[in-house]
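All remarks here apply to the structure that follows.
The values are calculated or read from the model by the stated rules, or taken from the named source; none is laboratory data. Quick caveat: nothing in here was measured; it's all calculated off a predicted structure. Please note: Cβ atoms are built from the backbone with ideal geometry, for glycine as well, and neighbour counts cover all protein chains shown.
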Amino acid sequence: MRTAVKGDAVNAALTRDVGMPLADGLAAYASNRHAEAVAAIVIRPTDLLPQHEIFMLHF
């Protein structure tokens, strides 16, 4: 996975944005680092919005 994120293909972006945080979070959870696991895995609402909608949330 760490090699895949270095590319510029769609797979690299998906691995970087979804795969790595999930893998890191699961590894943290398995090591009883629960707060770190949640921080890595949680999808924040602003992650799902287009940039122009995030801008509008500030007003």
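Where in segment 17-59 are the helices (runs of 4 or more DSSP H), entirely inside, with at least 1 residues that are at pLDDT below 80?
Details: elements: 20-30, 34-41, 51-57.
Answer list for segment 17-59: 51-57.
The set of residues in segment 23-44 being of a type outside the set (Ser, Thr, Tyr) and surrounded by 13 or more Cβ atoms within 10 Å (Cβ to Cβ) consists of ALA23, ASP24, GLY25, LEU26, ALA27, ALA28, ARG33, GLU36, ALA37, ALA39, ALA40, ILE41.
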